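Report on one structure; see the data block that follows.
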Amino acid sequence: MDIPYTVQARPDTGLYNAKVGIWLFLASEVMLFGALFSAYILLRVGAPEGYWPHGWLNIPLGTANTIVLITSSITTVMAWASLKMKDFGKFKLFHAVTLLCALCFLGIKSFEYHDKFVHYEIKLKDGRIADGHLVEKSKVFDIAKGTGEVTIHGHVVELVGKKGAELESELAKIYDLRSHEGRAVEHSELKFEAAQIASMSNYGPWHNTYTAIYFTLTGLHALHVIGGALVIGFLWGPGSRMWKTEPERFTNRIEISGLFWHFVDLVWIFLFPVLYLL
């Protein structure tokens, strides 16, 4: 028994079944990301003045990822257009480029994540705050026991006794890195004994509100990229055998996967300026 409307359009919607399904699914995705973007706005508006991070993310890498995803959006359209013109060879080429772009995006994003997991904020018992990237920990490093030492490449912020403009200037060394463009904060290798440290945390999602929403938004988006890449990889590989038996239905599948991929790209177009530039 043939499944109806896999190729022909439905009389009630003017679309074939899969296209109706993907638009309904994307509508639910809009609500999901819309809720998260709304949460971001409310959290940012409610943050105390001077305590919302600026300049924590690598803008050149974010720009590169934006270019990569826009390129992949173009190539997935070209792959679908190639099938419409009955050119299976060009479809394979363009879809392969789309898949490579997806993998490139994930590679750059994993590098950014790694940078956050090796970036530490160390609160010292004397009230100072040290901030920088981990160089090494001694084998016996243990804050609770007060043994060993840790080395970071960064700087120390002095908040004790600071008020007004001086306090704002010190806080900016942590929260508003862009305010130091042209007069970069001096970084050097700093060693601290465990006995000096009150607490120590990397810039993972547990660090503060900003990193929590950053990892939530970009992590969920990355999962969508992975899901889309798996579908694209299947349709490029074993799934492409359908072209020999049901070319029109296979072309429709490429169109559906492309619609999902365009949505993934569109979400990033919003994420990039909101997280990296504003």
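The values are calculated or read from the model by the stated rules, or taken from the named source; none is laboratory data. Quick caveat: nothing in here was measured; it's all calculated off a predicted structure. In this analysis, Cβ positions are derived from the backbone assuming ideal geometry, glycine residues included, and neighbour counts consider all displayed protein chains.
Okay, here's what the table says:
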read-out	value
LYS116 surrounded by 15 or more Cβ atoms within 10 Å (Cβ to Cβ) and touching a Gly at 6+ places or on another chain (Cβ under 8 Å)	yes
Test: residue in the range 229-248 that is out of contact with any Asp or Glu (no Cβ under 8 Å at 6 or more places or on another chain), over 24 Å from THR63 (Cβ atoms), surrounded by 14 or more Cβ atoms within 10 Å (Cβ to Cβ) and not assigned by TED's automatic domain parsing to the domain that holds HIS54	no
Residue list for the range 41-93, filter: among the hydroxyl-bearing types (Ser, Thr, Tyr), farther than 20 Å from THR218 by Cβ and surrounded by fewer than 16 Cβ atoms within 10 Å (Cβ to Cβ)	TYR51
Test: residue in the range 73-95 that is under 30 Å from SER199 (Cβ atoms) and touching a residue at least 60 places away in the same chain (Cβ under 8 Å)	no
Of the criteria (1) at pLDDT 95 or above; (2) of a type in the set (S, T, N, Q); (3) under 30 Å from LEU167 (Cα atoms), which one THR71 fails	(3)
The one condition in (1) touching a Leu at 6+ places or on another chain (Cβ under 8 Å); (2) modelled with pLDDT under 95; (3) aromatic (Phe, Trp, Tyr) that TRP52 fails to fulfil	(1)
Residue in the range 207-217 that is of a type in the set (Phe, Trp, Tyr) and surrounded by 19 or more Cβ atoms within 10 Å (Cβ to Cβ) present	yes
Search result, residues across the range 135-155 that are in contact with a helix residue (DSSP H, G or I) (Cβ under 9 Å, 6 or more places away or on another chain), touching a residue at least 24 places away in the same chain (Cβ under 8 Å) and surrounded by 14 or more Cβ atoms within 10 Å (Cβ to Cβ)	PHE141, ILE143, THR147, GLY148, GLU149, VAL150, HIS155
Residue in the range 267-278 that is under 16 Å from ALA27 (Cα atoms) and either of a type outside the set (D, E, K, R) or not in a helix (DSSP H, G or I) (or both) present	yes
